[in-house]
Amino acid sequence: MKKNFNKNEYLHGLKRGYPIALGYIPVSFTFGLMAASGGLPVWMAVFISFTNLTSAGQFAGTNLILSGAGYLEITLTTFIINIRYMLMSLSLTQRFDKAMPLSKRMIIAYGITDEIFSVASMERGILTYSFLLGLITGPVFGWTTGTFLGALICTSLPEGFSSAMGIALYAMFIAIILPPAKNSKPVMIIVILSVAITCIIKYVPLFNGMSSGFRTIIATIIGAGIGAYLFPIKEEKDNSKQKGEEA
Amino acid sequence: MKLERAFLAIILMALVTYIPRVLPIAIFQKEIKSSYIKSFLHYVPFAVLGSLTFPDIFTSTGNLVSAICGTLMALWLSFREKSLVVVAIGAILTVYITEIILIIF
């Protein structure tokens, strides 16, 4: 159905990805700052951002590298934090252009981050390779550029400013979920539910020591699981209409 | 810390970051029929982002007060459907200003 590469779709993807790219700069800047002040060379900090392209996982992994942890601990911690991507990938596959070959799916897989996934999910209709590639381009650029700048300027920044930037990532998350939650009661209830479960796991002593990655997986499965039971989405033949329906 | 060690650790991190992303995409090419699972997958992003944000946002800055002010600003700007960038910058500036005020008083 679709040709190999569609320039308009790519540009549309770029447009949707550019706010993510800008939002990534302060966060990855903080990462570069952390990596370089811990003793990693600038190129290596950038290399981490380019190959990992993830927030929580690479922050945790790099922290462990800097503290001299073993390979197993580093690998396992990063993996556990990143298991959540399986849910996102699985969710996205349902929206992919059916004609997309495996090789292209494997390229897109590299770019599935919390934010790219969220923006792709909110997009109506079938997700094409060109659109997704465009969506990923800006954020990859923003994430690596921010890391580079942060690692480069690591010593010359007022401390208060780097601490204030810690909130950037979370503010972006709020900006992604609040507008749809405001307009849809099921979404609002599911968000509140998963936050409540996260808090229970975090503060009830019984679950002490559970990693933040597992916390998110459990809260997501329970929250979205109950949500899907209470508010099933009406069957709709046309994929493009499915999104707008409950919004 | 040896750089070769760090380099190998980074490669391992990249692998275990890519595997969860690529497995479902490579394996599940068919459309899921169950309407329960479809609904579940539709709600996943909201549950994930909610869980990632709260309560961790309250410990994301120098102190609790500035984090709460930043959170309120982010909520308010998002409620007014401002763009991601505006919300992020608004929250950062709020935290920064709050922390300066806290130092003065």
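The values are calculated or read from the model by the stated rules, or taken from the named source; none is laboratory data. Treat the numbers as computed from the prediction; the structure is a model and nothing was measured. A quick note on method: Cβ atoms are made from the backbone with ideal geometry, for glycine too, and the neighbour counts reach across all protein chains shown. Calculation scope for accessible area: heavy atoms of the full protein, side chains included, ligands and nucleic acids excluded. Shrake-Rupley method; radii C 1.70, N 1.55, O 1.52, S 1.80 Å.
Of the helices (runs of 4 or more DSSP H) lying entirely inside the stretch B:19-105, those containing at least 3 residues that are surrounded by fewer than 18 Cβ atoms within 10 Å (Cβ to Cβ) and of a type outside the set (Ser, Thr, Tyr) are B:64-79, B:84-104. Tell me whether the stretch B:32-41 contains one or more residues that are more than 18 Å from A:PHE59 (Cα to Cα) and under 21 Å from the mean Cα position of the chain (by Cα). The answer is yes, given that some residue of the stretch B:32-41 is more than 18 Å from A:PHE59 (Cα to Cα) and under 21 Å from the mean Cα position of the chain (by Cα). Going residue by residue through the stretch B:61-78, is there one that turns out to be more than 14 Å from A:ALA171 (Cβ to Cβ), of a type in the set (A, V, I, L, M, F, W, C), more than 7 Å from chain A (Cβ to nearest Cβ) and over 13 Å from the mean Cα position of the chain (by Cα)? The answer is yes; a qualifying residue exists. Can you tell me which residue in the stretch A:122-150 is farthest from A:ASN8 (Cα to Cα), limited to those that are at pLDDT below 90 and in a helix (DSSP H, G or I)? Restricting to residues being at pLDDT below 90 and in a helix (DSSP H, G or I), the top hit is A:GLY150. Number of residues in the stretch A:12-23 that are closer than 23 Å to A:GLY160 by Cα and either open to solvent by less than 10 Å² (accessible area, probe 1.4 Å) or not in a helix (DSSP H, G or I) (or both) equals 1. Tell me, please, whether a residue that is modelled with pLDDT of 85 or more and on the phi > 0 side of the Ramachandran plot can be found in the stretch B:71-81. There is at least one residue in the stretch B:71-81 that is modelled with pLDDT of 85 or more and on the phi > 0 side of the Ramachandran plot.
Checked against (1) part of a helix (DSSP H, G or I); (2) surrounded by fewer than 20 Cβ atoms within 10 Å (Cβ to Cβ); (3) more than 8 Å from every other protein chain (Cβ to nearest Cβ), A:ILE116 meets all criteria but (2).
A:PHE50 falls short of the stated requirement of being among the aromatic types (Phe, Trp, Tyr), assigned to a helix (DSSP H, G or I), open to solvent by less than 30 Å² (accessible area, probe 1.4 Å) and more than 13 Å from B:ALA9 (Cα to Cα). One residue stands out in the stretch A:83-92 among those that are at pLDDT 85 or above and open to solvent by less than 10 Å² (accessible area, probe 1.4 Å): the one that is nearest to A:LEU40 (Cα to Cα), namely A:TYR85.
Would you confirm whether any residue within the stretch A:36-43 is part of a helix (DSSP H, G or I), more than 9 Å from chain B (Cβ to nearest Cβ) and open to solvent by less than 40 Å² (accessible area, probe 1.4 Å)? Within the stretch A:36-43 (the criterion being part of a helix (DSSP H, G or I), more than 9 Å from chain B (Cβ to nearest Cβ) and open to solvent by less than 40 Å² (accessible area, probe 1.4 Å)), the answer is yes, since at least one residue qualifies. Cβ separations smaller than 6 Å between residues 6+ apart or across chains give the following pairs from the stretch B:7-31 residues that are closer than 14 Å to A:PHE50 by Cβ to residues that are at pLDDT below 95: B:MET13/A:GLY61; B:MET13/A:THR78; B:THR17/A:THR54; B:THR17/A:GLY57; B:THR17/A:ASN82. Looking at (1) touching a Pro at 6+ places or on another chain (Cβ under 7 Å); (2) facing another protein chain (nearest Cβ under 7 Å); (3) among the β-branched types (Val, Ile, Thr); (4) crowded, with 23+ Cβ neighbours inside 10 Å, which one does A:ILE74 not meet, given that it meets all the others? The single condition A:ILE74 does not satisfy is (1).
When we screen A:LYS202, A:LYS182, A:LYS234 for residues that are open to solvent by 30 Å² or more (accessible area, probe 1.4 Å) and touching a Lys or Arg at 6+ places or on another chain (Cβ under 7 Å), the only hit is A:LYS202. Among the residues of the stretch A:90-110, those that are closer than 21 Å to B:LYS38 by Cα and assigned to a loop (DSSP other than H, G, I, E, B) comprise A:GLN94, A:ARG95, A:ASP97, A:LYS98, A:ALA99, A:MET100.
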